[in-house]
């Protein structure tokens with residue numbers, strides 16, 4: 001567990017109340033930060049979880065250049081000029097990432113890609129992209145987290161381990177808090193966990209269902225059938241690892257609860273079945289509304305990945321994997337999602353904002369990323385920044401900058417910065433690039449619809 | 001752009017100033033209508049053209065979480081209707097829920113320069129403001145959903161009307177809304193708390209609160225009156241879409257007790273007949289009441305055949321529709337504030353209820369005695385896209401076209417209406433009232449909906465055409481804030497409209513009452529809830545007129 005570095009005695013202390021942690025999709029906005037303004041660091045983050053503390057304590061001001069071009073230090077203007085030139089010269093420029101910066105920056109990034117007929121994609125394509133696709137197919141019955149706090153008496157987590165990935169999901173929103181109609185907190189709720197193995201989240205659950213790896217869809221489909229009073233395979237236990245008795249018991253609980261919720265993690269979206277799994281869980285929740293009130297919700301990872309989905313959707317009509325090559329947005333996951341665009345060797349320039357594909361994309365995609373000019377914006381050095389032609393060191397959102405972030409339940413929250421940074425914000429860098437790109441393309445060079 | 005403009009020789013329809021088709025010149029300077037301009041002013045020769053103020057949509061759903069859910073839900077719709085960029089405008093996608101940029105541009109291409117988003121849960125208002133900022137050309141505002149608000153219900157239950165009024169003002173100020181919106185009052189608690197139940201009667205007690213929808217409505221109308229909001233409570237009645245709902249609608253209008261109230265999409269609330277049986281038209285009863293009561297304004301919420309999308313804070317209604325034809329369906333509960341339902345829908349000529357609704361809407365328009373109070377809307381996208389407005393205008397202006405349309409629809413439904421007997425044809429002046437002057441007056445927008453000196457220079461110039469659909473579909477020029485945005489049917493420049501909002505005065509002590517409730521029942525901190533002015537961008541505060 002990270003600990004704050006022991007601060008030297010400083011009198012230049014600032015307290016920031018109700019600050020927001022942007023580490024994960026919980027976006028807890030009840031932090032009380034103690035900031036040592038001389039040391040430029042947060043020394044205490046009251047109410048933060050273990051991940052939040054690491055986030056707040058580790059983001060200090062590092063002594064590194066704002067801009068590196070081909071590894072050499074350059075001015076911000078030089079960096080912006082070079083970035084704009086790379087994008088304008090490219091035939092198939094792409095932007096990727098965006099889930100760890102505020103909406104204000106995301107909006108500019110989409111505009112740049114619209115201007116240069118590029119491709120825009122966010123980390124959604126490698127996390128809950130399948131849930132976005134499932135949503136397009138079947139819709140979703142959902143709720144804000146406060147509603148779940150106030151009303152949910154049956155809470156089911158499927159394919160996730162919030163104790164380690166979203167530690168305050170249990171305590172702030174869905175399991176232990178007391179709510180309007182849940183006066184005794186956890187005592188008034190039944191918690192079910194479905195996963196392929198025991199995890200640190202398991203002890204929270206009243207009921208643990210261990211599903212065979214890769215059999216989530218079969219199990220969800222069986223539950224849908226049972227909810228609707230249909231027959232299911234007699235070999236269900238053999239197929240899925242869960243006995244008929246356990247399933248019948250869960251079905252009764254789901255149909256008879258007052259307000260139920262199904263939370264899904266990436267154990268569903270990034271395993272066999274992907275959007276079929278998400279679609280099955282959405283459909284199960286919708287079906288259950290014929291008996292009671294039921295909602296479902298993906299437990300989103302990055303601090304503002306939900307904002308990225310919203311921004312890209314309102315500007316283009318589609319949530320991720322959007323291509324502007326023809327002068328208007330087109331959506332096709334698998335075709336316009338970044339790992340695919342890179343693995344096929346199509347992109348000839350990339351702008352990576354607040355993410356590190358070079359550390360977690362498939363090998364072929366990374367190999368291509370190494371071959372093309374890359375512009376990166378990040379608060380820390382990463383595999384991606386190291387292979388970039390132009391690297392911008394930027395201020396950390398929520399710690400050094402304001403802006404808007406959407407919690408996993410689409411609730412928008414404004415950030416309260418803790419201390420100033422000499423580094424520019426993502427938005428400022430993107431604005432600078434946009435301005436230059438528009439200028440370079442003004443007049444006859446404007447890229448209009450093909 | 002030059003700051004001075006003169007539009008000469010146009011036939012001007014400016015009903016607020018009693019100008020009905022007179023050929024006259026208009027002068028524009030610095031975004032406003034003025035008496036005269038210098039000789040160097042640029043000129044538009046509008047000879048043979050029709051000049052009107054920019055149109056105003058008083059009720060539509062164009063921005064925010066429910067709209068974005070609807071947008072995300074329909075990729076198949078977007079790909080059939082792409083919206084390419086131009087040298088001056090952004091790209092986007094269309095369909096029943098266009099992207100934000102396409103929404104603003106498409107409103108402009110029909111001569112609309114103002115549009116009001118009609119239903120926003122306060123906790124999501126930041127999202128709405130961000131989307132509205134990305135909705136170009138038009139001026140815009142939104143109505144904040146308070147009619148199912150748990151804290152306000154608590155105050156009403158405790159009989160604290162004064163604090164209730166202060167809290168409403170706090171909410172309007174905190175989220176920068178234009179006025180308050182009530183939707184299926186009382187239903188949220190039953191929907192979320194009693195396994196998807198719904199309110200069926202305005203005098204039913206709401207679970208846990210011991211108050212009735214009727215009392216809630218009456219209290220809002222009274223509070224809004226005292227606060228002097230520029231537009232009164234915008235009310236979506238209980239029992240939307242249920243046969244026999246006219247009694248609910250009439251009861252709701254009576255709850256206004258002579259004070260101003262706006263009844264949203266009244267067509268959906270004008271069903272005669274008996275609950276759970278086939279509806280018949282109740283348009284006559286409803287429009288008679290409205291004709292006789294000057295305190296009531298309404299927008300019709302016309303349904304148009306073709307694609308639509310149910311998008312509403314009335315979650316039980318969306319659930320009812322979902323069960324008619326099981327397809328994709330979205331439900332979204334907002335803590336302490338609202339419910340929401342979204343699903344694709346289509347109105348079909350062969351279906352009895354759809355045809356009946358189409359005919360009822362037209363009956364309401366054609367039997368209205370006061371165009372200033374019975375305004376044009378399709379409740380976009382609920383009754384159909386706002387892109388249907390030109391067709392709807394033709395239906396109102398052209399009785400032969402209407403008769404022709406009547407031939408091809410469900411005749412059993414037609415027989416339950418008096419539509420075939422209605423020969424009335426709206427005049428251009430009346431169209432200017434139901435799309436411009438009327439909405440401006442109902443909204444309390446003194447600088448809009450007319451072309452008198454001092455008005456915002458939001459002007460539409462149409463080439464006169466016998467085919468009114470064609471005419472209203474493609475204005476020759478659209479001028480927004482004095483800037484020629486559309487010139488010869490093409491975008492000449494991009495333009496950013498402004499946010500319209502009101503700031504009713506109140507006693508700030510009420511915040512200390514609201515805060516503990518937040519700590520207990522909301523999932524965001526009270527101090528992070530109110531929205532800073534940074535989110536307003538270009539904006540205009542529309543004055544209130546408080547009663548002492």
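Nearest 5 percent is fine: what portion of the DSSP beta bridges confined to chain A is antiparallel?
About 40 percent, rounded to the nearest 5.
In the range B:414-548, Cα pairs under 8 Å separated by at least six residues give a relative contact order of 14 percent. Once the gyration tensor of the Cα atoms in the range A:13-58 is diagonalised, the equivalent ellipsoid follows with semi-axes of 17, 11, 7 Å, ordered largest first.
Relative contact order of the range B:333-453, taken over Cα pairs closer than 8 Å and 6 or more residues apart, is 30 percent.
If r is the Cβ-Cβ distance from residue B:289 to residue B:197 and R0 is 30 Å, what FRET efficiency results, to the nearest 0.05? For residue B:289 and residue B:197, the calculated efficiency is 0.55.
Helix A:216-227 axis versus longest C-alpha principal axis of chain A: approximately 40°, rounded to the nearest ten. Full extension of the chain between residue B:541 and residue B:274 gives 91.6 nm of extra length, using 0.36 nm per residue less the Cα-Cα distance.
Test of understanding: extend the Cα→C-beta vector of residue B:348 to 7 Å, then name every residue of the range B:293-335 with backbone N under 11 Å from that spot. Once the point is set 7 Å along Cα→Cβ of residue B:348, B:325 turn out to lie under 11 Å by backbone N, inside the range B:293-335. Given R0 = 45 Å, the distance between the Cβ atoms of residue A:37 and residue A:359 translates into a calculated FRET efficiency of 0.85.
The length gained on full extension between residue A:332 and residue A:47, counted as 0.36 nm times the residue separation minus their Cα-Cα distance, comes to 98.5 nm.
Taking all pairs of distinct Cα atoms, average 1/r, flip it, and tell me the Kirkwood hydrodynamic radius of the range B:395-439 in Å to one decimal place. With all distinct Cα pairs of the range B:395-439 included, I get 11.8 Å.
Shape analysis of the range A:117-252 places it in the oblate category; the axes a ≥ b ≥ c from the Cα gyration tensor give an a/c of at least 1.5, with a/b not above b/c.
With the biggest extent put first, the Cα atoms of the range A:359-426 measure 39, 32, 14 Å across the principal axes. Label sites at residue A:381 and residue A:442, each approximated as a point 7 angstrom past Cα along Cα to Cβ, lie 3.9 nm apart. Set against the 2.2 N^0.38 Å expectation for a compact globular protein, the range A:111-174 has a Cα radius of gyration ratio of 1.54. Here, P(r) means the percent of Cα pairs in each 20 Å bin from 0 to the largest distance; for chain B it is 23, 58, 19, 0.
Would you tell me the mean number of C-beta atoms belonging to other protein chains that fall within 10 Å of each C-beta in A:147-155, as a whole number?
4
Between the helical axis of A:305-316 and the longest alpha-carbon principal axis of chain A there is an angle of about 70 degrees.
Once the Cα-Cα distance is subtracted from the 0.36 nm per residue extended length, the residue B:404 to residue B:508 segment shows a gain of 31.5 nm.
Taking the centroid of alpha carbons for each part, the range B:377-437 and the range B:169-209 are 32 Å apart.
Each label point was placed 7 Å from the Cα along the Cα-to-Cβ direction; for residue A:17 and residue A:244 their separation is 6.0 nm. Solvent-free Debye calculation, one equal scatterer per alpha-carbon of chain A: log10 I(q)/I(0) at 0.10, 0.13 Å⁻¹ equals -0.75, -1.16. Label reach from residue A:70 (point 7 Å along Cα→C-beta): in the range A:365-400, amide nitrogens under 16 Å belong to A:371-375, A:387-391. Spacing of the modelled spin labels on residue A:231 and residue A:367, each 7 Å from Cα toward Cβ, amounts to 5.1 nm. Taking a spot 7 Å from the Cα of residue A:290 along the direction of its beta carbon, which residues of the range B:179-199 have an amide N less than 18 Å from it? Residues B:195-197 fall inside that zone. How many percent of Cα pairs in the protein assembly as shown exceed 53 Å? Tail fraction, whole percent: 16. Computed from the C-beta positions of residue B:32 and residue B:490 and an R0 of 25 Å, the FRET efficiency is 0.50 to the nearest 0.05.
Counting only DSSP beta bridges with both residues in the range A:130-298, what percent are antiparallel, rounded to the nearest 5? Could the numbers behind the result be given before it?
Numbers: 1 of 21 bridges.
Bridges in the range A:130-298 that DSSP calls antiparallel: roughly 5 percent.
Taking every DSSP beta bridge that has both ends in the range B:55-447, the antiparallel portion is near 40%.
Read-outs throughout are calculated quantities, based only on the coordinates presented, and are distinct from any laboratory measurement. The structure presented is a predicted model; accordingly, all values stated were derived computationally and were not measured. We place every Cβ from the backbone using ideal geometry, glycine too, and count neighbours over all the protein chains shown.
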